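Before any comments, here is the structure.
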Amino acid sequence: MIWSKGMLDGYEVWTGRTEVMEMVVVPELGSRVISLSNRMTGREWLVQPAGVLETNGYASSFGSRDGSGWDEMFPTINVCRYPAYPWEGTELPDHGEVWSIPWEAHSEEEQLHCSVQGIRIPYQLRKTYSFPREDTLRIDYAVHNSSPFPFSFLWAAHPLFQIDEGIEIIVPDELTEIIVSYSANGRLGEPGGIRTWPQPWEESPHIRLNRTDSRFAATAEKFYFAGELPEGTASIYDPVAGEGLRMMFPMEKVPYLAIWANYGGYQGQYHLALEPATGLLDDLSYAMGRQAAAEVPAGGTYTWYLEISWIDGQKKEVKSFDRQ
């Protein structure tokens with residue numbers, strides 16, 4: 001069996017397993033993935049919970065979380081008010097609604113199906129986990145809009161990866177600029193500022209954003225690559241261990257990519273997130289005002305997917321010709 005159900009800290013957990021990959025999800029805790037591990041090397045890629053699993057109240061601060069696991073950010077990241085009729089003025093919570101409320105889950109035909117209903121806007125978000133290959137986890141997403149009005153949203157994956165200094169961040173070669181969303185102590189400048197990737201300051205060549213820094217660097221930054229992506233792929237690679245992981249997603253449905261790099265500068269935590277996203281920057285109202293948010297038509301459904309595959313030393317080059 002690929003999927004098995006168990007209990008952890010009083011919560012139902014589902015484990016999916018192949019010969020080389022294992023993941024664990026907790027539906028009641030916002031359908032959070034708490035483990036993504038390579039069974040061949042023994043490497044756990046996600047930051048592990050600091051203690052027992054705990055629930056967070058609806059519309060609570062995401063900063064009260066322990067900085068572990070993988071959550072879904074939907075339908076916004078920053079707190080904002082929905083700007084359009086008929087939900088105009090409706091406040092959407094910090095990091096969205098779905099990370100802090102229970103999801104339904106069941107397995108069927110080697111797939112795990114998870115779903116959740118919106119609270120302040122009438123949508124249903126579904127995701128289906130499967131393993132199309134032994135070394136690949138696939139998540140198929142669908143947002144259904146049950147209302148008679150179009151609904152815009154911002155979704156971003158938020159996997160907090162365990163890292164060491166010197167991990168390489170690999171994105172398409174065509175990406176040369178970033179837009180600052182957050183920078184602790186203003187190292188990258190003000191939000192909305194444009195910087196060069198991967199070297200943001202010509203006068204400071206030691207600052208390179210495509211490699212992880214030390215846990216003692218005391219920096220924390222969130223930025224998006226400027227404009228829509230030339231292809232839907234992003235990877236991280238550990239040159240010391242000779243292994244990494246690659247994300248692939250449909251750029252026509254998920255046209256943006258963000259990076260959250262926390263090297264001790266936010267709550268003393270140390271992790272990295274690659275965040276494919278359907279909208280630009282973290283505020284849904286901002287994205288909608290710039291026609292840079294996804295939209296589900298009245299009564300319609302918006303679908304996309306995300307695949308994660310292992311990279312070994314022989315497959316480090318993840319260029320466009322390498323895509324499947």
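The values are calculated or read from the model by the stated rules, or taken from the named source; none is laboratory data. Every value quoted in this text rests on a predicted model; they were computed, and no experiment measured them. Cβ sites come from the backbone with ideal geometry, for glycine too, and all protein chains shown count toward neighbours.
Got a number for residues in segment 1-53 being at pLDDT below 95 and either over 22 Å from the mean Cα position of the chain (by Cα) or exposed (fewer than 14 other Cβ atoms within 10 Å of the Cβ) (or both)?
Of the residues in that region, 5 qualify.
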Give me the pairs, please: first residue somewhere in segment 35-61 and within 30 Å of residue 120 (Cα to Cα) and assigned to a loop (DSSP other than H, G, I, E, B), second residue anywhere and modelled with pLDDT under 95 and among the hydrophobic types (A, V, I, L, M, F, W, C), beta-carbon distance under 9 Å, and either six or more positions apart or on two chains.
56/62
Restricting attention to segment 143-173, the residues that are of a type in the set (S, T, N, Q) and over 21 Å from residue 98 (Cβ atoms) number exactly 1
Flag for residue 73 being touching a Lys or Arg at 6+ places or on another chain (Cβ under 7 Å), buried (at least 21 other Cβ atoms within 10 Å of the Cβ), touching a residue at least 40 places away in the same chain (Cβ under 8 Å) and not β-branched (Val, Ile, Thr)
no
Sole miss for residue 109 among (1) within 24 Å of residue 19 (Cβ to Cβ); (2) in contact with a Cys (Cβ under 8 Å, 6 or more places away or on another chain); (3) surrounded by fewer than 17 Cβ atoms within 10 Å (Cβ to Cβ) is condition (2)
Mind checking which residues of segment 270-289 are of a type in the set (Asp, Glu) and more than 25 Å from residue 212 (Cα to Cα)?
283
Among the numbered conditions (1) modelled with pLDDT of 95 or more; (2) on the phi > 0 side of the Ramachandran plot; (3) of a type in the set (A, V, I, L, M), tell me where residue 98 comes up short.
(2)
Going by the conditions given, is residue 93 under 18 Å from residue 296 (Cα atoms), crowded, with 17+ Cβ neighbours inside 10 Å and modelled with pLDDT of 95 or more?
no
Output the number of the condition that residue 99 fails; it satisfies all remaining conditions of (1) among the aromatic types (Phe, Trp, Tyr); (2) in a loop (DSSP other than H, G, I, E, B); (3) in contact with a strand residue (DSSP E or B) (Cβ under 8 Å, 6 or more places away or on another chain).
(2)
